[in-house]
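Structure first, commentary second.
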Amino acid sequence: MKTIVVFLSSLAILYGCIKAPSVNIKAEEDAIRKLEADWTVLNQKRDIGKVMEMYAPDAIIMAPGQIVATGLEPIRKQFESSFADTSLLWDTFSWTSEKVEVSASGDLAYIKGSNSMRMKTPDGIIEEADKGVDIWRKIDGKWKAVLTIWNSNKPPEEMVAPIVSVDVFTRLENEWNNATFKKDAKALDLLYAKEYTYTDLTGKVYDKQQDISEVTSGNYKSETPSVLSDIKVNSYGNVAVVKGLNTSKAILNGKDISGTYRFVDVFVMRDGRWQCVSTQSSRLPKK
């Protein structure tokens, strides 16, 4: 009997040694709230380097009006685009943490809250208010965001037409120019709608694949990305017409096509992003 008692006592001591330490849930909740507060300041400063440190390698962002970004590189590009948009007044960004829940294991948590930010529109400065959820996971002892999702507080009838600004389309047009310069077929495929057409100076019409194939072939050579100017935008609900000047220095099929072109691009909002359905340009006379 004495042997059994000693054995059971030893088991109890051993169990006590290997039992996982208790988690201080309150401390972990406070840690999450502090991370969200720090994150708010980083957004206000548009500190993309520090913002990216908040995310896990396999993190996901589900932002309204944009394609789902999975992984650090797509997330970085999404932030770069948002931080570069001068219509968004990031110094006015705010976040209010409302509810935090931490798992009993202390390695998974979510926080619900709301944010707001002012932005410039053709009708003046407005304030956008959203609600969202962040999910955090502890990796190597540090909390990292694994999922961020939010949507607008506006009623559905006010969310039909997306916000349109010259800054938004100047950014898109520059991304288009850079994709053409780098012969990035994947980027062009995302930018062009399935029914996209390009009408060249002679009146010849190219469909989506024909245009991408020609731009990415060895027949097209450009010394630098094109330079945009005189951008103007007219919007009609989910359709936007972009007009401007495009100055390039390039060769196509051995012919110098350098010069300044006046273009008209038609975009539609589809699948949460602006896609070009038609483009046409004409060369301005050389001075």
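Residues in segment 266-287 that are hydrophobic (A, V, I, L, M, F, W, C) and not in a strand (DSSP E or B): Leu284 alone. Only residues that are outside any strand (DSSP E or B) and in contact (Cβ under 8 Å) with a residue 60 or more places away in the chain were counted across segment 226-265, and they come to 2.
Residue selection: Asp211 fails the criterion of being farther than 22 Å from Gln66 by Cβ and touching a Leu at 6+ places or on another chain (Cβ under 7 Å).
Remark: Ser103 falls outside the filter, which requires a residue to be under 18 Å from the mean Cα position of the chain (by Cα) and of a type in the set (S, T, N, Q). When Tyr110, Tyr196, Tyr206, Tyr220 are screened for being farther than 30 Å from Ile32 by Cβ, of a type outside the set (Lys, Arg) and modelled with pLDDT of 95 or more, only Tyr196 passes. Scanning segment 25-73 for residues that are free of Cβ contacts under 8 Å to residues at least 12 places away in the same chain and in a loop (DSSP other than H, G, I, E, B) yields a count of 3. For segment 49-80, enumerate the residues that are β-branched (Val, Ile, Thr), surrounded by 15 or more Cβ atoms within 10 Å (Cβ to Cβ) and in contact with a Leu (Cβ under 9 Å, 6 or more places away or on another chain). Listed by number, the residues that qualify are Val51, Ile60, Ile61. Being touching a Leu at 6+ places or on another chain (Cβ under 6 Å), at pLDDT 95 or above and not β-branched (Val, Ile, Thr) is true of Arg137. Consider segment 222-259 and keep the residues that are of a type outside the set (A, V, I, L, M, F, W, C) and crowded, with 18+ Cβ neighbours inside 10 Å. The one that is nearest to Val68 (Cα to Cα) is Ser235. When the test is whether a residue is in the same structural domain as Lys131 (by TED's automatic domain parsing), surrounded by 15 or more Cβ atoms within 10 Å (Cβ to Cβ) and at pLDDT below 85, Ser87 passes it. Out of Ser82, Ser105, Ser97, one residue alone is at negative phi, touching a strand residue (DSSP E or B) at 6+ places or on another chain (Cβ under 6 Å) and small (Gly, Ala, Ser). It is Ser97. The residue list Arg137, Arg76, Arg118 contains one member that is not assigned by TED's automatic domain parsing to the domain that holds Trp274 and not in a strand (DSSP E or B), which is Arg76.
The values are calculated or read from the model by the stated rules, or taken from the named source; none is laboratory data. A quick note: this is a predicted structure, and the numbers were derived from the prediction, not measured. Virtual Cβ from ideal backbone geometry, glycine too; neighbours counted across all protein chains shown.
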